[in-house]
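I'd like to ask you about the structure that follows.
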Amino acid sequence: MTIDPNRDLSPADAVLIVDVQNDFCPGGALAVPEGDRVVPMLNDWAEAAVRAGARVYASRDWHPGDHVSFVPEGGPWPPHCVQDTAGAAFHPDLRLPDSAILVSKGTRFDQDQYSAFDETGFAQELNRKGVRRVILGGLAEDVCVRASALDAIQHGFEAVLIRAATRAITDDGRESTERELAEAGVAFT
Ligand SMILES: [Zn+2]
């Protein structure tokens, strides 16, 4: 499937930019290889979305300082994206439109939230705004992008992954994730 952002977007679409934060980019605490490469293309999609009357959402990992997902607390990840730190800020080149809405996750004290839909009320927000299709990219493909895409389908939305605007932590992760997403009904552009 090819979606031309300059022709094929409508107000029934939402562009979801997943976790394009400094800590997930080269030099960050939990860097995804080439993570910063997703920025220019996501800027273009966000701009095209605004022109088409589609909504733009940007999710962010937004952890308390001693979050349960961090290694010192017995979790799987090095500390990252701690609230209000430079690592949690969006990549400096990411141009979010003024109308973009943030979806904060990873804020719970008792569990992690990989998906932008996980107990954030995001599905209700999209339904309320008449969104039918979620077009997404960002970081990391094999973790939070994966979980968000699967949840979009689970909640009854069409989901389309902008393949060139996402990066995985590992190549194996990319392959297995894309297989899984395709099987779940996620489309790729
Ligand atoms: Zn996290």
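Which value, in Å² and to the nearest 10, is the accessible area of H155 when all protein chains are kept and the probe is 1.4 Å?
Result for H155: roughly 90 Å² accessible.
Suppose we keep just the DSSP beta bridges with both residues in the chain; what percent of those would be antiparallel, to 5?
5 percent
Here's a follow-up. Out of the DSSP beta bridges found with both residues in segment 1-95, what percent are antiparallel (nearest 5)?
10 percent
Roughly speaking, to the nearest percent, how much of the chain's 1.4 Å accessible area is carbon and sulfur?
49 percent
Taking loop as defined by DSSP and a crowding limit of 13 other beta carbons within 10 Å, which trypsin sites (Lys or Arg not before Pro) in segment 1-68 fit?
R7
While we're on this one: Pull out the extension gain between K129 and D110, defined as 0.36 nm times the separation in residues minus the alpha carbon to alpha carbon distance; nm, one decimal.
3.8 nm
Now for a different question. Where nothing but the Cβ of Lys and Arg (+1) and of Asp and Glu (-1) is charged, how large is the charge dipole of the chain around its Cα centre, in debye to the nearest 20?
Computed charge dipole of the chain: roughly 680 debye.
Which of the GluC sites (Glu not before Pro) found in segment 70-171 are loop residues per DSSP with 12 or fewer other Cβ atoms within 10 Å of their Cβ?
E119
Pulled fully out, how much extra length does the chain show between Q154 and D4, if you take 0.36 nm times their separation in residues and subtract their Cα-Cα distance?
Extra length from Q154 to D4 when fully extended: 51.5 nm.
Using only DSSP helix segments of four residues or longer, with each worth -39500 (n - 2.57), what per-residue ellipticity at 222 nm results for the chain after dividing by its residue count and rounding to 500?
-7000 deg cm²/dmol
Among H80, G138, P64, pick out the residue whose Cα is farthest towards the positive end of the charge dipole of the chain, where Lys and Arg carry +1 and Asp and Glu carry -1 on C-beta, about the Cα centre.
Ranked along the dipole, the leading option is G138.
The values are calculated or read from the model by the stated rules, or taken from the named source; none is laboratory data. Please read these numbers as outputs of a predicted model, since none were measured by experiment. A quick note on method: Cβ atoms are made from the backbone with ideal geometry, for glycine too, and the neighbour counts reach across all protein chains shown. These area figures cover heavy atoms from the full protein model, side chains too; ligands, DNA and RNA do not enter into them. Shrake-Rupley method; radii C 1.70, N 1.55, O 1.52, S 1.80 Å.
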